[in-house]
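Here's the structure we're looking at; comments come further down.
Bear in mind that the values in this text are calculations on the coordinates, not laboratory data. Please read these numbers as outputs of a predicted model, since none were measured by experiment. All Cβ positions, even for glycine, are placed from backbone atoms using ideal geometry, and neighbour counts span all protein chains on display.
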Amino acid sequence: MLLEIENVTKSYPSADGPVPVLRGVSLSLAAGETLALTGDSGSGKSTLLHLAGGLDAPDGGRVLIEGEDIAHYDDRRRARLRRETVSVIFQQFNLIPSLDVGANIAFQARLAGRHDPAWARDLAERLGLAAHLSKYPEQLSGGQQQRVAIGRTLAARPRLVLADEPTGNLDEGTGAEVAAVMRDLVTATGAGLLVVTHSRSLADRMGRRMELRGGRAL
Ligand SMILES: Nc1ncnc2c1ncn2[C@@H]1O[C@H](COP(=O)(O)OP(=O)(O)OP(=O)(O)O)[C@@H](O)[C@H]1O
């Protein structure tokens, strides 16, 4: 199994003591599957996504990627996991302003030692960015920047893609288009996709859907 989250718990400290956010949540995601994670604001969606990506550790329970419990990873293995296996698309695009679109798309793949010019060109084409490769991020619209961020993630061929509100900054039409491209590309590469969203239409485009409420999965 690509991703297995087993009965994870997580609390955050507050002035009144620890506040539980996740009270025992489990999910699994196979290669090629897409899953939307929904729930009210504050229900713990981003927290769960961060645990899945090894950006934070659970208080209890386990997170396994390709059968390995990532809690025991040291910093080096954690860095390698994020470079080579798991990629996170944040709502802020985090593009590199001094690099043009083509170089931004190639950036993560180069870091992972997996830059493939033909695949990068194919991605740019499918994301509608072929005519913009020598532009800089500041010359692009929000929707175009988000597509560059998605291209950069997929260029490295991650096996697990985690996306936090990837269409949050986009209008309905552009958001739907970006969601469809992302799902198709992830499916085409056999990766798994876990996407956190408030958007009904994005959630409807994913293969499965899970809602967080009261710290538990519905
Ligand atoms: N680092 C932190 N320290 C303390 N509390 C935190 C921290 N991160 C999140 N929280 C709290 O945990 C709860 C869940 O936050 P989280 O960001 O996971 O929710 P979410 O479902 O992603 O919300 P949204 O849809 O608004 O992004 C919230 O009440 C939040 O205030």
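When only the Cβ of Lys, Arg, Asp and Glu is charged (+1, +1, -1, -1), the dipole of the range 120-218 relative to its Cα centre reaches about 400 debye. Extension gain, residue 198 to residue 40: 0.36 nm times the residue separation minus the Cα-Cα distance gives 56.1 nm.
Shape class for the range 73-218: oblate, because the ratio a/c of the largest to smallest gyration tensor axis (alpha-carbon atoms, square roots of eigenvalues) is 1.5 or more and b/c is at least a/b. Between the helical axis of 101-111 and the dominant principal axis of the chain, each derived from Cα atoms, what acute angle in degrees is found, rounded to the nearest 10? With both axes taken from Cα atoms, the answer is about 50 degrees.
When restricted to Cα atoms, the range 59-159 yields an Rg and a Dmax of 15.2, 48 Å, respectively.
Over all projection directions, the Cα-based convex hull of the range 154-218 averages an area of 4.8 nm². When the charge dipole of the range 87-218 is built from unit charges on Cβ atoms (+1 for Lys and Arg, -1 for Asp and Glu) and taken about the Cα centre, the candidate among 99, 109, 123 whose Cα reaches farthest toward its positive end is 109.
The convex hull around the C-alpha trace of the range 1-121, projected and averaged over every direction, spans 9.7 square nanometres. Count charges around residue 207 for me, please; just the other residues with Cβ under 14 Å from its Cβ, Lys/Arg as +1, Asp/Glu as -1. Charge balance in the 14 Å sphere: +1. The spacing between the range 88-142 and the range 168-210, judged by their C-alpha centroids, is 19 Å.
With +1 on each Lys and Arg Cβ and -1 on each Asp and Glu Cβ, how big is the dipole of the chain about its Cα centre, in debye rounded to the nearest 20? It would help to have the intermediate numbers written out before the result.
Details: 26 positive and 26 negative charges, 63 e Å.
Using Cβ point charges on Lys, Arg, Asp and Glu, the chain gives about 300 debye.
Relative to the longest principal axis of the Cα atoms of the chain, the long axis of helix 117-126 makes an angle of roughly 80 degrees. For the pair residue 15 and residue 83, the difference between a 0.36 nm per residue extended length and the Cα-Cα distance amounts to 20.8 nm.
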